[in-house]
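*Asks:* Encoded as structure tokens, here's the structure I'll be asking about.
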């Protein structure tokens with residue numbers, strides 16, 4: 001077996017161990033009088049979620065408009081423009097919102113997490129934490145994991161609203177419909193299962209983004225250059241993991 | 001430390017190290033680059049697991065402790081890392097308060113007072129609100145000491161305290177170490193390659209060379225040690241080349 005394959009297996013094992021340890025701190029930390037600090041979780045929620053709202057809004061609106069334009073064009077070939085809201089509603093909630101938000105957060109927060117941990121590792125800050133008697137997983141990883149597991153589905157829901165509204169504006173104008181008629185058609189098409197499909201995926205993506213960022217950041221080697229490599233690697237691996245998981249999730253859930 | 005061996009992968013870095021630090025003394029671990037002193041420190045801190053031998057810190061065998069017991073032991077230890085290792089996202093005061101916040105159930109005002117006191121002890125009064133990036137190298141090291149002593153540890157470690165400091169600041173740092181020992185009655189272990197500093201602060205010095213303990217003695221004892229390797233190290237002379245004159249002559253004469 002090649003060295004790369006061994007390293008990949010090693011990293012997957014490390015990720016699983018990190019996830020287990022994070023969950024252990026979340027559920028048992030208080031019993032050991034070493035709880036995961038809510039202030040740290042709130043800070044991460046602000047950083048990963050609230051501060052991402054402007055760019056999330058812009059991307060979601062753009063995706064909604066793009067879907068509306070493409071749907072009207074392709075359905076127009078068959079004279080079925082009036083069904084555009086069906087495709088838009090299902091593809092936004094089941095596919096585009098979780099995927100685009102996952103990619104956005106992997107690029108924005110996954111890389112930041114990797115860079116932060118890599119820098120801390122090189123500056124001996126992780127050693128300092130251990131020696132102070134603070135477990136780095138409890139202090140750094142568990143808050144990020146908790147925060148993103150909450151905030152990525154929230155961002156996905158926000159993206160659903162913005163994308164559907166933007167698409168609605170375009171479609172209703174193009175087809176000379178009222179916005180209320182477009183929205184009631186959209187609501188009639190969507191079932192709770194469609195929303196849960198997207199939210200389930202985004203929860204899974206949140207776990208992947210944090211683990212990929214933490215593994216790349218904490219296994220850094222080679223000074224400042226290593227920090228750059230860890231950050232790049234974290235973005236590439238994070239996005240790849242999201243796309244592959246998206247496909248597997250869609251396949252499994254729709255069988 | 002009893003017959004301790006350490007490896008990085010397949011490379012052995014420490015060989016059969018035996019070392020005892022007496023309570024209340026300042027022990028300096030000295031050696032050149034690659035001598036294994038940083039590895040030795042990482043083992044003392046429980047950051048590495050020895051490949052053989054045992055390590056007892058404050059009466060507890062490190063290899064027999066579970067993670068929670070190790071955390072408990074570490075509360076009685078403080079470390080000032082070479083570059084300070086302050087958390088860059090927190091102010092200096094928040095850095096100093098972190099061990100209190102994690103291990104002591106104190107209100108915010110009490111923690112503020114303790115942090116201010118510890119910063120005053122290391123001559124850093126008034127810098128609590130600054131970020132670590134706003135401090136000089138010497139100030140960073142002092143702030144790291146304030147954080148290391150905030151829980152009043154029994155055992156304090158310094159990693160290369162004088163490295164990167166100009167002679168005057170380094171001398172002041174040595175004075176700080178001695179003052180701390182006197183004021184707080186701590187056992188202090190200092191890892192350094194600075195001879196002047198070592199001779200000034202040490203009760204005893206352990207000389208490490210290529211992963212082996214060459215000598216453990218007082219500064220005076222080391223000065224009088226007849227070993228050529230120790231004297232080369234103390235006087236910053238390069239190692240004597242190992243010349244096998246008889247073998248060379250035999251080879252010249254065509255012998256085996």
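*Asks:* For the stretch A:1-80, which helices (runs of 4 or more DSSP H) that fit wholly inside it have 3 or more residues that are at pLDDT below 90? Spell out the reasoning first.
*Replies:* Numbers: elements: A:3-28, A:38-48, A:53-76.
Result: A:3-28.
*Asks:* Could you look through the stretch B:46-70, keep only residues that are under 17 Å from the mean Cα position of the chain (by Cα) and facing chain A (nearest Cβ under 10 Å), and pick out the one that is surrounded by the fewest Cβ atoms within 10 Å (Cβ to Cβ)?
*Replies:* B:47
*Asks:* Select from the stretch B:95-148 the residues that are free of Cβ contacts under 8 Å to residues at least 12 places away in the same chain, within 14 Å of chain A (Cβ to nearest Cβ) and in a helix (DSSP H, G or I) and list them in ascending order.
*Replies:* B:101, B:102, B:108
*Asks:* Quick test for you: out of A:91, A:109, pick the one residue that is more than 10 Å from chain B (Cβ to nearest Cβ), surrounded by fewer than 23 Cβ atoms within 10 Å (Cβ to Cβ) and either within 15 Å of the chain's Cα centre (by Cα) or part of a helix (DSSP H, G or I) (or both).
*Replies:* A:91
*Asks:* Right, here's the next one. Can you tell me which residue is nearest to residue B:152 (Cα to Cα) among those in the stretch A:116-125 that are more than 9 Å from chain B (Cβ to nearest Cβ) and buried (at least 20 other Cβ atoms within 10 Å of the Cβ)?
*Replies:* A:121
*Asks:* Select from the stretch B:184-195 the residues that are modelled with pLDDT under 90 and in contact with a helix residue (DSSP H, G or I) (Cβ under 8 Å, 6 or more places away or on another chain) and write down the one among them that is surrounded by the most Cβ atoms within 10 Å (Cβ to Cβ). Don't jump to the end; show me each part of the working.
*Replies:* Within the stretch B:184-195, the first condition is being modelled with pLDDT under 90, and the residues that meet it are B:184-185, B:193-195.
Subsequent filtering for residues that are in contact with a helix residue (DSSP H, G or I) (Cβ under 8 Å, 6 or more places away or on another chain) retains B:193-195.
Values: B:193: 17, B:194: 20, B:195: 17.
The selected residue is B:194.
*Asks:* Being within 14 Å of another protein chain (Cβ to nearest Cβ) and either surrounded by 15 or more Cβ atoms within 10 Å (Cβ to Cβ) or not in a loop (DSSP other than H, G, I, E, B) (or both) is the filter here, so list the residues in the stretch B:3-23 that pass it. Break it down stepwise before answering.
*Replies:* Filtering the stretch B:3-23 down to residues within 14 Å of another protein chain (Cβ to nearest Cβ) leaves B:8-9.
Scanning the stretch B:3-23 gives a single hit, B:8.
*Asks:* Scanning for something over 26 Å from residue B:56 (Cα atoms) and surrounded by fewer than 21 Cβ atoms within 10 Å (Cβ to Cβ), does the stretch B:146-164 turn up at least one residue?
*Replies:* Within the stretch B:146-164, one or more residues are over 26 Å from residue B:56 (Cα atoms) and surrounded by fewer than 21 Cβ atoms within 10 Å (Cβ to Cβ).
*Asks:* A further question on this structure: Could you please find all residues in the stretch B:71-92 being crowded, with 20+ Cβ neighbours inside 10 Å and part of a helix (DSSP H, G or I)?
*Replies:* B:71, B:74, B:92
*Asks:* Quick check, is residue A:14 free of Cβ contacts under 8 Å to residues at least 24 places away in the same chain and farther than 23 Å from residue A:194 by Cα?
*Replies:* No; evaluated as a whole, the condition is false for this residue.
*Asks:* Step by step: first the residues of the stretch A:138-149, then only those that are within 11 Å of chain B (Cβ to nearest Cβ) and surrounded by fewer than 24 Cβ atoms within 10 Å (Cβ to Cβ), then the one that is farthest from residue B:96 (Cα to Cα). Which residue is that?
*Replies:* Here the residue is A:138.
*Asks:* Residues that are over 18 Å from the mean Cα position of the chain (by Cα): which helices (runs of 4 or more DSSP H) entirely in the stretch B:158-256 hold 1 or more of them?
*Replies:* Here the list reads B:167-184, B:219-223, B:228-234, B:245-252.
*Asks:* Scan the stretch B:24-42 for residues that are within 14 Å of another protein chain (Cβ to nearest Cβ) and farther than 28 Å from residue B:231 by Cβ and jot them down.
*Replies:* B:42
*Asks:* Which one of these does residue A:243 not meet: (1) more than 20 Å from residue A:19 (Cα to Cα); (2) more than 12 Å from the chain's Cα centre (by Cα)?
*Replies:* For residue A:243, the exception is condition (2).
*Asks:* Let me ask you something else. Since residue A:153 meets every condition but one in (1) at negative phi; (2) at pLDDT below 95, which condition does it not meet?
*Replies:* Against the list (1) at negative phi; (2) at pLDDT below 95, residue A:153 comes up short only on (2).
The values are calculated or read from the model by the stated rules, or taken from the named source; none is laboratory data. Quick caveat, the model's predicted, so the values are computed rather than measured. Here Cβ is always computed from backbone atoms with ideal geometry, including for glycine, and neighbour counts include all displayed protein chains.
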